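Asks: Handing you a structure now.
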């Protein structure tokens, strides 16, 4: 038995709503680059931010002081539940699991909290900020908003954490711990995060972000959230979730990805949602894809939406599910014409597409993948 | 209610076949056992950063001279965060007992990963200091890194799942692994938790006035708060039939796991004790055991006024005089590692038939009707032990372990 996606919610730099964001991607739109100035130096970074209007009238007492990461998560999760027509009540509140995926967590409040300590000493530390620095704060807020009383988990990791969260949700449902599971990936941006990735030589100095480039120019960070409700019914099946793997050195990422692709590759894989983001992982994915699925269409949404790390895996799942539902792939933006893959460089119709692989290679050693199928 | 469609009898049994631990109580199971039996107070002045302006000035710490000793002569290993060294120590000990153990998954709890490297980076940035090592700090900061480092050091390549459910993380990791093996879908899983003390988290608890300038006195009438700790612990879980078939020593059996989320407040438990109570009830139901079957409870017992009141109320409502202790009194609260460390404490209690102590206990709280294992360890017949862990965000988890009948 495989699980299915019963509902989805999506908050991105292109706004809120699965259909709205999808339509913009089909039209070849991308996030608006926002300049984030480093507060302690001369550097500026480019990032894709969620438009202020995207969260609309999201209001709940638990969100009053919550950081953007919690708000993004709540908005995406509520949309996914709404799309599935699921109401959480006292009848089912302990049978719905919550699994969150985050990478950097509440970095804005964490930086502010620790900044106060560094600047003015421990007595300046805010007891109001500290709880929001904890990784599971977004999950806690959502559980309180929904009244969920059963299993609530937050997973941390690199960009692959979103797919690891889907695997954990699969375990929770298959283990019969819960009947349905809401999986939420969420991330927020702060200048400190941009500085850290820049020093790690992973950031693109200026747009565009070029996937599968000759020399990796780096990624553009972004923020937002993605949510899927996993249950037994829905038009898109999560046919197989790979348990995940890791590479110990960047040079070995390709062989790890190749193994995952081989484990997931069915007779026919119509397309792959890649995690190519302009960094070293593009080369690794390209090599693995050429070896295992040279004929499959390849799409990456990161040139348009940015690298949202903890949210990124869920965004890829939503992209894959939408492409299967709509039998169409958006154009891959800013790719060279000589990339040795079947890149979907123009909006393309997928005649009778049945199966897709979502592949994710994180920048900090973790790798994951899953296979989706249209029912 | 912990919903299970499957008949309980159809579930696979889950054995603990190996364990490893490092904590302020010591390096390894033997030292930990000695410290527990001796009721050793392993909390001392904080040495890793200045606490001059904090209310609380103590913590349970692992001495670097022993922790980092294995890294001599190896440049890469010297760069690793202390948390990585803790994980290497704990995993190494567990695998030494079961060298053939090939986990299909590793589920680990933590709250703050390599936080002190993040602090160094931020301080260097704000103080215009030398940032040449910043890429190394940043690369070793993420929460999965100590787990991957430990795997690499021990020659493993298992998929990792890092749970960050605040102070319940370690128990949640073990519970999740238990459920996976119990379902029959996995055969061998490593589970546990780790956390290394850091300035930010220390000051955070200080700012909440959750930590105490005095001794940590769980369940005492005059309790004034927690002290922090650090460490790592790993349990190797295996399908019991599989373990028996291959002749592996079975140290204990995990028989129940209960999880609940109480939505009262992000840092405070519901004073009714509903969250802890549901977690314990669900663990008992999962194990098909009555409350009377439990011989010992290793409480979350942070020694904050609110936690101990809520947990104590829930225990008193569910259990009739079962011995209770919080071993955090001896080593501090190691956050994401606590649930795993305390599961190992329960394992030792089951193996060596004693009740670990709750030290610094002077005055019973008349509001809490609890049978505290006060100040010294006691020999006892322990067939089943319950370990509680509760965290920020209303994350509650209980693990029920049983001595394995041969």
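Asks: The conditions are (1) in a helix (DSSP H, G or I); (2) facing another protein chain (nearest Cβ under 8 Å), and residue A:127 fails exactly one of them. Which is it?
Replies: Every condition holds for residue A:127 apart from (1).
Asks: Residues in region B:326-343: is at least one surrounded by 21 or more Cβ atoms within 10 Å (Cβ to Cβ), touching a helix residue (DSSP H, G or I) at 6+ places or on another chain (Cβ under 7 Å) and farther than 23 Å from residue B:233 by Cβ?
Replies: No, every residue in region B:326-343 fails to be surrounded by 21 or more Cβ atoms within 10 Å (Cβ to Cβ), touching a helix residue (DSSP H, G or I) at 6+ places or on another chain (Cβ under 7 Å) and farther than 23 Å from residue B:233 by Cβ.
Asks: While we're looking at this one, here's another question. Given the condition out of contact with any helix residue (DSSP H, G or I) (no Cβ under 8 Å at 6 or more places or on another chain), at pLDDT 95 or above and over 19 Å from residue B:235 (Cα atoms), answer yes or no: does some residue in region B:128-142 qualify?
Replies: Scanning region B:128-142 turns up at least one residue that is out of contact with any helix residue (DSSP H, G or I) (no Cβ under 8 Å at 6 or more places or on another chain), at pLDDT 95 or above and over 19 Å from residue B:235 (Cα atoms).
Asks: Also: Show me the strands (runs of 3 or more DSSP E) entirely contained within region A:166-256 in which 2 or more residues are at negative phi and within 14 Å of chain B (Cβ to nearest Cβ). Steps first, please.
Replies: Details: elements: A:180-187, A:224-231, A:236-241.
Filter on region A:166-256 gives A:180-187, A:236-241.
Asks: Tally the residues that are in a loop (DSSP other than H, G, I, E, B), more than 29 Å from residue B:126 (Cα to Cα) and within 14 Å of another protein chain (Cβ to nearest Cβ), restricting the search to region A:30-65.
Replies: Final tally of qualifying residues: 2.
Asks: Could you tell me whether residue A:268 is surrounded by fewer than 24 Cβ atoms within 10 Å (Cβ to Cβ) and either under 24 Å from residue B:162 (Cβ atoms) or in contact with a helix residue (DSSP H, G or I) (Cβ under 7 Å, 6 or more places away or on another chain) (or both)? Quick ask: steps written out before the conclusion?
Replies: Values: surrounded by fewer than 24 Cβ atoms within 10 Å (Cβ to Cβ): yes; either under 24 Å from residue B:162 (Cβ atoms) or in contact with a helix residue (DSSP H, G or I) (Cβ under 7 Å, 6 or more places away or on another chain) (or both): no.
Here the answer is no, as residue A:268 does not meet what is asked.
Asks: I'd like to check something: does region B:86-104 contain any residue that is within 10 Å of another protein chain (Cβ to nearest Cβ), over 30 Å from residue B:239 (Cβ atoms) and in contact (Cβ under 8 Å) with a residue 60 or more places away in the chain? Don't jump to the end; show me each part of the working.
Replies: Step one: filter region B:86-104 for residues within 10 Å of another protein chain (Cβ to nearest Cβ), giving B:104.
From the residues that got through so far, the ones that are over 30 Å from residue B:239 (Cβ atoms) too are none.
Among the residues of region B:86-104, not one is within 10 Å of another protein chain (Cβ to nearest Cβ), over 30 Å from residue B:239 (Cβ atoms) and in contact (Cβ under 8 Å) with a residue 60 or more places away in the chain, which makes the answer no.
Asks: Would you pick out the residues in region A:140-160 that are more than 17 Å from residue B:111 (Cβ to Cβ), facing chain B (nearest Cβ under 7 Å) and under 13 Å from the mean Cα position of the chain (by Cα)?
Replies: Selection gives A:158 alone.
Asks: Condition (residue is within 11 Å of chain B (Cβ to nearest Cβ), in contact with a helix residue (DSSP H, G or I) (Cβ under 7 Å, 6 or more places away or on another chain) and part of a loop (DSSP other than H, G, I, E, B)) applied to region A:66-76: is it met by at least one residue? Can you show your working first?
Replies: Residues of region A:66-76 within 11 Å of chain B (Cβ to nearest Cβ): A:66, A:70.
Those left that are additionally in contact with a helix residue (DSSP H, G or I) (Cβ under 7 Å, 6 or more places away or on another chain): A:66, A:70.
Subset that is part of a loop (DSSP other than H, G, I, E, B): A:66.
Within region A:66-76, one or more residues are within 11 Å of chain B (Cβ to nearest Cβ), in contact with a helix residue (DSSP H, G or I) (Cβ under 7 Å, 6 or more places away or on another chain) and part of a loop (DSSP other than H, G, I, E, B).
Asks: Would you be able to tell me the number of residues in region A:317-337 that are assigned to a helix (DSSP H, G or I) and touching a helix residue (DSSP H, G or I) at 6+ places or on another chain (Cβ under 6 Å)?
Replies: Within region A:317-337, residues that are assigned to a helix (DSSP H, G or I) and touching a helix residue (DSSP H, G or I) at 6+ places or on another chain (Cβ under 6 Å) number 1.
Asks: Next up: Can you name the residue in region B:159-216 that is closer than 23 Å to residue B:298 by Cα and facing chain A (nearest Cβ under 7 Å) and is also surrounded by the fewest Cβ atoms within 10 Å (Cβ to Cβ) among such residues?
Replies: Ranking the qualifying residues of region B:159-216, first place goes to B:179.
Asks: A further question follows. Among the residues of region A:289-316 satisfying the criterion of being part of a helix (DSSP H, G or I) and more than 21 Å from the chain's Cα centre (by Cα), which is surrounded by the most Cβ atoms within 10 Å (Cβ to Cβ)? Can you show your working first?
Replies: Of the residues in region A:289-316, the ones part of a helix (DSSP H, G or I) are A:289-292, A:302-305, A:309-316.
When the remaining residues are screened for being more than 21 Å from the chain's Cα centre (by Cα), the result is A:290-292.
On the way: A:290: 14, A:291: 14, A:292: 21.
Filtering region A:289-316 for residues that are part of a helix (DSSP H, G or I) and more than 21 Å from the chain's Cα centre (by Cα), the one surrounded by the most Cβ atoms within 10 Å (Cβ to Cβ) comes out as A:292.
Asks: What do you reckon, is residue A:103 within 9 Å of chain B (Cβ to nearest Cβ), in contact (Cβ under 8 Å) with a residue 40 or more places away in the chain, in contact with a strand residue (DSSP E or B) (Cβ under 9 Å, 6 or more places away or on another chain) and surrounded by 24 or more Cβ atoms within 10 Å (Cβ to Cβ)? Steps first, answer last, please.
Replies: Values: within 9 Å of chain B (Cβ to nearest Cβ): yes; in contact (Cβ under 8 Å) with a residue 40 or more places away in the chain: yes; in contact with a strand residue (DSSP E or B) (Cβ under 9 Å, 6 or more places away or on another chain): yes; surrounded by 24 or more Cβ atoms within 10 Å (Cβ to Cβ): yes.
The answer is yes for residue A:103.
Asks: Among the numbered criteria (1) crowded, with 23+ Cβ neighbours inside 10 Å; (2) in a helix (DSSP H, G or I); (3) in contact with a helix residue (DSSP H, G or I) (Cβ under 9 Å, 6 or more places away or on another chain), which single criterion is violated by residue A:275?
Replies: For residue A:275, the failing item is (2).
Asks: Does region A:346-356 include one or more residues that are surrounded by 24 or more Cβ atoms within 10 Å (Cβ to Cβ) and at pLDDT 95 or above? Don't jump to the end; show me each part of the working.
Replies: So in region A:346-356, the residues surrounded by 24 or more Cβ atoms within 10 Å (Cβ to Cβ) come out as A:356.
Those still in the list that are at pLDDT 95 or above too: A:356.
Scanning region A:346-356, I find at least one residue that is surrounded by 24 or more Cβ atoms within 10 Å (Cβ to Cβ) and at pLDDT 95 or above, so the answer is yes.
Asks: May I pose another question? In region A:198-232, what residues are under 16 Å from residue A:107 (Cβ atoms) and buried (at least 24 other Cβ atoms within 10 Å of the Cβ)? Spell out how you get there, then give the answer.
Replies: The initial filter retains those residues of region A:198-232 that are under 16 Å from residue A:107 (Cβ atoms), namely A:198-200, A:202-203, A:221-225.
Across region A:198-232, the qualifying residues are A:203, A:221, A:222, A:223, A:224, A:225.
Asks: Hey, any hits in region B:283-301 for a residue that's within 27 Å of residue A:62 (Cβ to Cβ), touching a strand residue (DSSP E or B) at 6+ places or on another chain (Cβ under 7 Å) and surrounded by 24 or more Cβ atoms within 10 Å (Cβ to Cβ)? Give the derivation first.
Replies: Our first condition is that a residue be within 27 Å of residue A:62 (Cβ to Cβ); within region B:283-301, this holds for B:300.
Now narrow it down to the ones that are touching a strand residue (DSSP E or B) at 6+ places or on another chain (Cβ under 7 Å): B:300.
Checking which are surrounded by 24 or more Cβ atoms within 10 Å (Cβ to Cβ) leaves us with B:300.
The answer is yes; a qualifying residue exists.
Asks: Of these, B:232, B:243, B:248, which one is away from every other protein chain (no Cβ under 13 Å), part of a loop (DSSP other than H, G, I, E, B) and farther than 16 Å from residue B:322 by Cβ?
Replies: Testing whether each residue is away from every other protein chain (no Cβ under 13 Å), part of a loop (DSSP other than H, G, I, E, B) and farther than 16 Å from residue B:322 by Cβ leaves just B:248.
The values are calculated or read from the model by the stated rules, or taken from the named source; none is laboratory data. Here the structure is a predicted model, which is why all the values come from computation and not from measurement. FYI the Cβ positions are ideal-geometry reconstructions off the backbone, even for glycines, and counts take in every protein chain you see.
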